[in-house]
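What follows is one structure encoded as structure tokens, with my remarks underneath.
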Amino acid sequence: MQDKYNHLEVERAAQAHWTGRDAYRVVEDASKKKFYACSMLPYPSGKLHMGHVRNYTINDMLTRYLRMNGYNVLMPMGWDAFGLPAENAALKNGVPPARWTYENIAYMKGQMQAMGLAIDWSREVATCDPSYYKWNQWLFLKMLEKGIAYRKTQVVNWDPVDQTVLANEQVIDGKGWRTGAPVEKREIPGYYLKITDYAAELLDHVQHRLPGWPERVKLMQENWIGRSEGVRFAFPHTIRDAAGHLIGDGRLYVFTTRADTIMGVTFCAVAPEHPLATHAARNNPKLAAFIEESKKGGTTEAELALRDKEGQPTGLQVAHPITGEPVDVWVGNYVLMGYGDGAVMGVPGHDERDFAFALKYDLPIMEVVHVDGETYDYRHWQDWYADKERGVTINSDIFSGFGYEEAVNAVAHALEQKGLGEKKTTWRLRDWGISRQRYWGTPIPIIHCAEHGAVPVPEKDLPVVLPQDCVPDGSGNPLNKREDFLACACPVCGKPARRETDTMDTFVDSSWYFMRYCDPSSDDAMVASGSQYWMPMDQYIGGIEHAILHLLYARFWTKVMRDLGLIAIDEPFTKLLTQGMVLNEAFSRTTTGKQYFWAHDLDIVRDEHAKVVSATARADGKPVAYEGWTTMSKSKNNGVDPQDLIEKYGADTARLYTMFTAPPEATLEWNDAALEGSYRFLRRVWAFGHRLAQGDAVAGQAKALRNLAGLGKPAKALRREVHAVLKQVDYDYARMQYNTVVSGAMKILNALEDDKGSGDAGADAARAEGFGILLRVLYPVTPHLTHTLWQQLGYETLHGDLLDAPWPRIDEQALVQEEVELVLQVNGKHRGTISVPATADKAEIERVALASEGYQKFAAGATPKKVIIVPGRLVNLVV
């Protein structure tokens, strides 16, 4: 074998070997324990980033380790190929999204193969392939039949210049990301999925059926589902529309978890789209203008939370449900029509948002809950105003003097007696709107007929294929201009009709792809027998950024498929690991805008702790600001290209570095020096293998190690250390603490390099055994180098291909310590060491100590007055 480690040759040869034997193709095998390990499928953005490298290496280590332990392991890969970035690229480059997407897939797949990942590419899926999205359409139609899918009007972000609907993330400071035009809220029809029907089960299962999930992810899911116990009640009114009908049957409904504060209501606020707001604005130009302005901007709770709370009086009044007193109605830009009943009761005395609103518009503030020892200040908000744990009702007539629960129960009972309200459980979760007025997505299989309305596409006509040659130009959905797509016949009457041009939310694509991996080529069923074998998934790996919506929708989709009889599981993912982000230092300068700099273009001064003191740009010598550690990003010029690393250091080095530097769940701060250190370690492994190859130690190790009694002390000591580390590594693999697995491998190499037993009985065999263990311990993280050394040193002859070689067993006999070394002290001073049998009693330890050279030299033959023995550590002879 070569004496120098050439990573390019090693990795090329290893990958050719695996490809040649189709090493990673997996089939269902009932005789083996199955394990399904899956990374969240990537968006084909063009290039892998270091977050991908880390994620997939975690998955790969798990896959290889379990395969060596006898499991049938599935590690598939696919592409979340629909979505907005492809349309943006099409606008920029003038090419169809399909072309851009497939070119990126090809490049990124090549990068993954260069990393040596144990992916079964025979199961590859791309969500933009008609053979995949056909089943999105098929299940949508099944949900439509069951009433899980339905059509209703939705409020969307509308860009009046581009004439298109924008996703929430495309709305920046209330304006369209591309045109800069003020975004409007518009109500248009769309399709929804009744995820709310599953809210209780989704919450119950996240609390009781997902022990393998991180607690913080479960909490995020719980908060998003948002179960609330409260009271829904009405403010009666006599407001009539132009036709003389009572608006809302004469009731303005609200929901509150703080019914104990009902006597502190001083106003009500309704959403800009609320019928009362529309009615009041008919003859109020100022209010109408405010309502139109409020419709601009995003439609999410998060965006509304950041918006300045503004309002306008309507001039309308409703009646307080308890006292009958008039309550003014306002329009608030912070009230969402899509949440609850589109109205809230204003209790400024005990709600921080309402308090600020009341101060801004000079509305009354009433204290109706008091906490002993606190003083209420009507000019400044204090957190205790909202304290329901310590608060007692005051100024509340017959409800005064009650604690929170007692007050809520009393108010609910009173409202129920009046026929105005009742206790109710509500959910923050809202039905999932899947209609997107965009091109690059799954076509919604609906045909619009002038006579029969919205008609489902017959199953036999699926898939409704998306044209792949459209090039978006910023003037709306290009499907609206494709007569060859639009024109069709009504399935009911056969008359000319038009296809739906809305496409599905891309979260649909990612809600079940992991099940399609189980049966990727089935033309006859969405999922077939493969899913019965592989599902539920044993380990899911992905970023914390997907902890809410993707996981929630995937769980919902699984339950729908279960209820339709397609699968027999309740939850898709048994265990979840959210890997940490990869960070790097960022440097910038702000002039007319923010400019980011690559570190290699700067002169950086650091202190003795390697912290940045200052930085200047080499181009102009001017200072640059240090932004600290932040997520790697192209836009911030702080990314590291995995392809560059693979070419310069090899995939094994990149893999080793990302696993060694931090535990999988922790953030990883990039360090070029540590990367070099990983490369040096692999060169040391190769160098030791080269030395070992000079003899026939590997071939003779099995025979030599059968006679353990004949081994010399150095050989026994080496075996003891190697097997002790192996025991810890086994434990670390089981808990996926891969950083300590790598440090364990480094300890084994250190022990092998430090071994001084050359020429002693069994020394060569012990080293050969230890190196074989090292190669198997390292193999899941650095498969190319270890595969090559395994072959070239002859281990393959003993144990077979490393890919399926048995995981090394811990030799408990090797861990038995026959002798222990004790520190020798004379009058408390260190005078050397002594070796005694591990089973030696006090008398034998004392005898060996008295006969030692150290004692004889420093005690001059005196009889000790006292012998102090600390078992396993030292013996102190006092003379």
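Among the residues of region 63-88, count how many are in contact with a Pro (Cβ under 7 Å, 6 or more places away or on another chain), at pLDDT below 95 and closer than 27 Å to C38 by Cβ.
Here is the first cut: in region 63-88, the ones in contact with a Pro (Cβ under 7 Å, 6 or more places away or on another chain) are 64-65, 68, 79-81, 86-87.
When the remaining residues are screened for being at pLDDT below 95, the result is 86-87.
Next cut, closer than 27 Å to C38 by Cβ only: 86.
The number of residues fulfilling the criteria is 1.
Condition check: hydroxyl-bearing (S, T, Y) and either more than 30 Å from I148 (Cα to Cα) or in contact with a His (Cβ under 9 Å, 6 or more places away or on another chain) (or both). Does S396 satisfy that?
On the way: hydroxyl-bearing (S, T, Y): yes; either more than 30 Å from I148 (Cα to Cα) or in contact with a His (Cβ under 9 Å, 6 or more places away or on another chain) (or both): yes.
When the stated conditions are applied, S396 passes them.
From (1) part of a helix (DSSP H, G or I); (2) over 30 Å from N55 (Cβ atoms), pick out the condition that doesn't hold for K756.
The one condition K756 does not meet is (1).
How many residues does region 148-179 contain that are buried (at least 19 other Cβ atoms within 10 Å of the Cβ), assigned to a strand (DSSP E or B) and touching an Asp or Glu at 6+ places or on another chain (Cβ under 9 Å)?
9
From the list A410, A358, which one is surrounded by 15 or more Cβ atoms within 10 Å (Cβ to Cβ) and in contact with a Pro (Cβ under 6 Å, 6 or more places away or on another chain)?
A358
Considering only residues that are of a type in the set (G, A, S) and surrounded by 14 or more Cβ atoms within 10 Å (Cβ to Cβ), look in region 797-817 and name the one that is farthest from Y24 (Cα to Cα). Talk me through it step by step, then tell me what you get.
As a first pass, look at region 797-817 and keep what is of a type in the set (G, A, S): 800, 805, 814.
Checking the rest, the ones that are also surrounded by 14 or more Cβ atoms within 10 Å (Cβ to Cβ) come to 805, 814.
Details: A805: 15, A814: 35 Å.
Step by step, filter region 797-817, then rank; the result is A814.
Output the residues belonging to region 162-193 that are at pLDDT 80 or above and closer than 21 Å to E87 by Cβ.
Answer for region 162-193, where residues must be at pLDDT 80 or above and closer than 21 Å to E87 by Cβ: K175, G176, T179, G180, A181, V183, E184, R186, I188, G190, Y191.
Residue pairs, Cβ under 6 Å, 6 or more apart or interchain, first in region 194-216 and over 20 Å from T425 (Cα atoms), second loosely packed, with under 14 Cβ neighbours inside 10 Å. List them.
Short answer, once both residue conditions are applied: none.
Quick one: is K185 assigned to a strand (DSSP E or B) and either of a type in the set (S, T, Y) or buried (at least 17 other Cβ atoms within 10 Å of the Cβ) (or both)?
Spelling it out, K185 is indeed assigned to a strand (DSSP E or B) and either of a type in the set (S, T, Y) or buried (at least 17 other Cβ atoms within 10 Å of the Cβ) (or both).
Quick check on D29: is it farther than 19 Å from A654 by Cβ, in contact with an Asp or Glu (Cβ under 8 Å, 6 or more places away or on another chain) and of a type in the set (D, E)?
In short, no.
crowded, with 17+ Cβ neighbours inside 10 Å and either within 30 Å of A814 (Cβ to Cβ) or not assigned by TED's automatic domain parsing to the domain that holds K716 (or both), is that true of P837?
Working: crowded, with 17+ Cβ neighbours inside 10 Å: no; either within 30 Å of A814 (Cβ to Cβ) or not assigned by TED's automatic domain parsing to the domain that holds K716 (or both): yes.
Here the answer is no, as P837 does not meet what is asked.
So how many residues does region 378-392 have that are surrounded by 15 or more Cβ atoms within 10 Å (Cβ to Cβ) and either of a type in the set (G, A, S) or free of Cβ contacts under 8 Å to residues at least 12 places away in the same chain (or both)?
Summing the residues that are surrounded by 15 or more Cβ atoms within 10 Å (Cβ to Cβ) and either of a type in the set (G, A, S) or free of Cβ contacts under 8 Å to residues at least 12 places away in the same chain (or both) in region 378-392 gives 2.
Within region 287-322, how many residues are at pLDDT 70 or above and in a helix (DSSP H, G or I)?
Result for region 287-322: 8.
Is there any pair linking a residue in region 74-95 that is buried (at least 19 other Cβ atoms within 10 Å of the Cβ) and aromatic (F, W, Y) to one that is assigned to a helix (DSSP H, G or I) and at pLDDT 90 or above, with Cβ under 6 Å and at least six apart or on different chains, and which?
From region 74-95, the pairs are W79/I105; F82/T506; F82/D509.
Consider C518 carefully, then state whether it is out of contact with any helix residue (DSSP H, G or I) (no Cβ under 8 Å at 6 or more places or on another chain) and assigned to a loop (DSSP other than H, G, I, E, B).
When the stated conditions are applied, C518 does not pass them.
What are the residues in region 557-581 that are of a type in the set (D, E) and part of a loop (DSSP other than H, G, I, E, B), if any?
So the first thing to find is which residues in region 557-581 are of a type in the set (D, E), and the list is 563, 570-571.
Selection gives D570, E571.
If you go through region 237-258, how many residues are buried (at least 17 other Cβ atoms within 10 Å of the Cβ) and part of a strand (DSSP E or B)? Let's see the steps before the verdict.
Restricting attention to region 237-258, the residues satisfying the condition of being buried (at least 17 other Cβ atoms within 10 Å of the Cβ) are 237, 239, 247-248, 251-252, 254-256, 258.
With part of a strand (DSSP E or B) added as a condition, the list becomes 251-252, 254-256.
Number of matching residues: 5.
With the condition kept exactly as written, say whether any residue in region 581-595 is of a type in the set (D, E, K, R), touching a residue at least 40 places away in the same chain (Cβ under 8 Å) and closer than 30 Å to F514 by Cα.
Scanning region 581-595 turns up no residue that is of a type in the set (D, E, K, R), touching a residue at least 40 places away in the same chain (Cβ under 8 Å) and closer than 30 Å to F514 by Cα.
Restricting attention to region 18-37, does a residue exist that is β-branched (V, I, T), outside any loop (DSSP other than H, G, I, E, B) and surrounded by fewer than 17 Cβ atoms within 10 Å (Cβ to Cβ)?
yes
Can you confirm whether region 847-860 contains a residue that is hydrophobic (A, V, I, L, M, F, W, C), under 44 Å from the mean Cα position of the chain (by Cα) and assigned to a helix (DSSP H, G or I)?
Of the residues in region 847-860, the ones hydrophobic (A, V, I, L, M, F, W, C) are 848-851, 858-860.
Add one more test, that the residue is under 44 Å from the mean Cα position of the chain (by Cα), and what stays is none.
For region 847-860, residues hydrophobic (A, V, I, L, M, F, W, C), under 44 Å from the mean Cα position of the chain (by Cα) and assigned to a helix (DSSP H, G or I): absent.
How many residues are touching a Pro at 6+ places or on another chain (Cβ under 9 Å) and assigned to a loop (DSSP other than H, G, I, E, B) when one looks only at region 806-842?
1
Taking the condition of being within 19 Å of P189 (Cβ to Cβ) and without any contact (Cβ under 8 Å) to a residue 60 or more places away in the chain, how many residues in region 447-468 meet it?
Number of matching residues: 8.
For M632, all conditions in the list (1) loosely packed, with under 15 Cβ neighbours inside 10 Å; (2) under 25 Å from A114 (Cα atoms); (3) of a type in the set (A, V, I, L, M) hold save one; what is the number of the exception?
(1)
Would it be correct to say that R251 is in contact (Cβ under 8 Å) with a residue 40 or more places away in the chain, among the basic types (K, R) and under 26 Å from F290 (Cα atoms)?
Working: in contact (Cβ under 8 Å) with a residue 40 or more places away in the chain: yes; among the basic types (K, R): yes; under 26 Å from F290 (Cα atoms): yes.
Against the criterion (in contact (Cβ under 8 Å) with a residue 40 or more places away in the chain, among the basic types (K, R) and under 26 Å from F290 (Cα atoms)), R251 qualifies.
If I go through region 4-20 residue by residue, how many of them are touching a helix residue (DSSP H, G or I) at 6+ places or on another chain (Cβ under 6 Å) and either under 17 Å from L117 (Cβ atoms) or modelled with pLDDT under 95 (or both)?
3
Under the condition of being outside any helix (DSSP H, G or I) and of a type in the set (S, T, N, Q), which residue from region 40-71 is surrounded by the most Cβ atoms within 10 Å (Cβ to Cβ)?
The residue in question is S45.
So, of the residues in region 452-468 that are surrounded by 14 or more Cβ atoms within 10 Å (Cβ to Cβ) and of a type in the set (V, I, T), which turns out to be farthest from W440 (Cα to Cα)?
Among those residues, the one meeting the criterion is V455.
Tell me whether region 407-421 contains one or more residues that are touching a Phe, Trp or Tyr at 6+ places or on another chain (Cβ under 9 Å) and assigned to a strand (DSSP E or B).
Yes, that holds for at least one residue.
Considering D603, D644, D652, D607, which residue is within 24 Å of G51 (Cβ to Cβ) and surrounded by fewer than 13 Cβ atoms within 10 Å (Cβ to Cβ)?
After ruling out the rest, the residue left standing is D644.
Yes/no matrix, rows are residues, columns are (1) touching a residue at least 24 places away in the same chain (Cβ under 8 Å); (2) buried (at least 19 other Cβ atoms within 10 Å of the Cβ); (3) not polar (S, T, N, Q):
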| site | (1), (2), (3) |
| --- | --- |
| C470 | yes, yes, yes |
| D473 | yes, no, yes |
| L479 | yes, yes, yes |
| C493 | yes, no, yes |
| D505 | yes, yes, yes |
| W512 | yes, yes, yes |
| R516 | yes, yes, yes |
| D524 | no, no, yes |
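The values are calculated or read from the model by the stated rules, or taken from the named source; none is laboratory data. All values reported here derive from a predicted model rather than from experimental measurement. Heads up, the Cβs are rebuilt from the backbone with ideal geometry, glycines too, and the neighbour counts pull from every protein chain shown.
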